[in-house]
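Taking it in order: structure first as structure tokens, then the write-up.
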Amino acid sequence: MLTKACAAFDAGDDDQIVILAGLLRLMLTDELIDKVTPLKEIEFSDSAEHFEDARTVRGYGYGITRIMVYADGQSGGRIVAPLGGPFRDSEPPTLPFERWWAIDHAVYPTNGPFLTREYIVYEMANTDGIHVDGLLDENYEALTQDNHGFKYNDHPITGNLATAAIRQIAWETQHTLHRALPELCGSDFPEASPCGPADSYWRVAANVDDGGV
């Protein structure tokens with residue numbers, strides 16, 4: 001079901017993202033995977049990129065999402081889930097489930113606190129899917145905005161950060177299960193990296209230097 005929903009989303013059915021959030025909540029928050037193997041004993045694939053410079057206070061294209069800059073150089077770019085794009089030549093590192101899920105701050109908003117995978121899955125599933133809460137958590141609402149306040153070549157960087165994060169968490173979960181349970185999941189799964197051969201992934205960092213940013 002997860003693979004089918006991912007494939008449908010990648011093919012252009014945006015509504016599938018809510019289904020992905022619901023499936024991830026079922027598997028990870030409700031620990032459905034425990035019916036097959038102990039969830040907390042699985043090492044999860046970690047595609048997040050964190051700050052390397054201690055002076056960095058804010059970043060765009062970090063965590064589990066990336067800025068994809070279009071090849072023409074004239075159309076700006078968008079926040080996307082890179083899927084397996086950054087790992088064509090090597091396997092991603094892994095983290096114990098609890099750290100990957102509830103401790104690692106892998107979602108980097110344009111403004112606001114860094115967030116966990118658990119937070120974004122829970123908020124999307126409850127707000128847009130299972131419960132359809134009337135009021136949005138302000139941190140979650142900020143993730144859904146399609147304007148991140150910065151530009152490339154005078155063109156805005158767009159894209160729903162919540163959607164991109166959920167799609168990447170689904171990729172990490174797929175990658176994990178295909179590695180950890182090959183007898184059930186096989187060793188391969190379909191993926192469609194949004195980055196074309198001439199496009200590129202970018203990261204932008206804001207550093208503190210001499211008392212300023």
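With respect to being touching a residue at least 40 places away in the same chain (Cβ under 8 Å), within 16 Å of Tyr108 (Cβ to Cβ) and crowded, with 19+ Cβ neighbours inside 10 Å, Ala48 fits the description.
Looking at Glu172, Glu191, just one residue is at pLDDT 75 or above, in contact with a helix residue (DSSP H, G or I) (Cβ under 9 Å, 6 or more places away or on another chain) and among the charged types (D, E, K, R), and that residue is Glu172. Residues satisfying the criterion are present in the stretch 58-66 (criterion: among the charged types (D, E, K, R), more than 18 Å from Leu177 (Cβ to Cβ) and out of contact with any Phe, Trp or Tyr (no Cβ under 6 Å at 6 or more places or on another chain)). Per the listing Arg66, Arg99, the residue uniquely surrounded by 20 or more Cβ atoms within 10 Å (Cβ to Cβ) and basic (Lys, Arg) is Arg66.
The values are calculated or read from the model by the stated rules, or taken from the named source; none is laboratory data. Here the structure is a predicted model, which means the values were calculated and not measured. Neighbour counts are summed over all protein chains in view; Cβ atoms, including those assigned to glycine, are modelled from backbone coordinates with ideal geometry.
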